[in-house]
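A short reminder: the numbers here are calculations on the coordinates, not readings from a lab. Computed from a prediction, not measured in an experiment: that's the story for all the values here. In this analysis, Cβ positions are derived from the backbone assuming ideal geometry, glycine residues included, and neighbour counts consider all displayed protein chains.
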Amino acid sequence: MNGKMYGLMMQSHALVTLDFVGPTILLRHIIKDGSPFQLPCPLPPENSFYDKYLIESSGELLFVFKIYSAPGNYTVAYFKVFRVNTSEIVCEEVKNLGDQVVFLNHHYGMTCSIQEPGIRRNSIYFAELFDRNLYVYNMENRSQSVKLPCPIAKRKARLSWVMPLLPSSS
């Protein structure tokens, strides 16, 4: 993104850039007002049961929280999405993804612009570890639906996303 690679420090939510110098990887904190810039945590400290993803989306960074109902309960309650403005070093909550769709699995995420029928824009598609279902979270009305993409998949299947190389429109 803009020639830079960004990373997230898992415990502090500090945003860093990664620079590759020969065989060495240098992490540099993004600084705002003299301190490392920390991405927001939308939850009160007593409810810290969530997964988080830092995703590039059409040249922007998105910080996505998948928030579970309760500790030990892997039912997703809702999502919070923030756009990270790396120029002004600010975050703003995203209520509408437009024609973008977010795809998440247990370890990583990605986005793409959707024009195809049957795929819901302004949605988050996600899979859970050892679950063969595909879940769809609608950002507009905060509802969830469940799809079974392959009825013959094993119950403990691991779903992952593969992003095809699409032909350029130029």
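Figures for the structure shown
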quantity	calculated
Nearest-0.05 FRET efficiency for residue 107 and residue 38, computed from C-beta distance (R0 22 Å)	0.50
Length released on extending from residue 73 to residue 120, taking residue separation times 0.36 nm less the Cα-Cα span	14.3 nm
Net length gained if the chain between residue 96 and residue 24 were fully extended (0.36 nm per residue, minus Cα distance)	22.0 nm
Net charge over other residues, Cβ less than 12 angstrom from the Cβ of residue 28 (K, R count +1; D, E count -1)	0
Charged-residue dipole, Cβ positions (Lys, Arg, Asp, Glu), the stretch 1-144 about Cα centre, Debye nearest 20	80
Cβ-derived FRET efficiency at R0 45 Å, residue 146 paired with residue 6, nearest 0.05	0.90
Distance-filtered residues of the stretch 107-141 - backbone nitrogen under 17 Å, label point 7 angstrom along residue 49 Cα→Cβ	128-129
Net charge of Cβ neighbours under 14 Å - reference residue 55; Lys, Arg +1; Asp, Glu -1	+1
Tensor-based shape of the stretch 26-128 (alpha-carbon gyration tensor, a/c under 1.5 rounded, otherwise prolate or oblate)	oblate
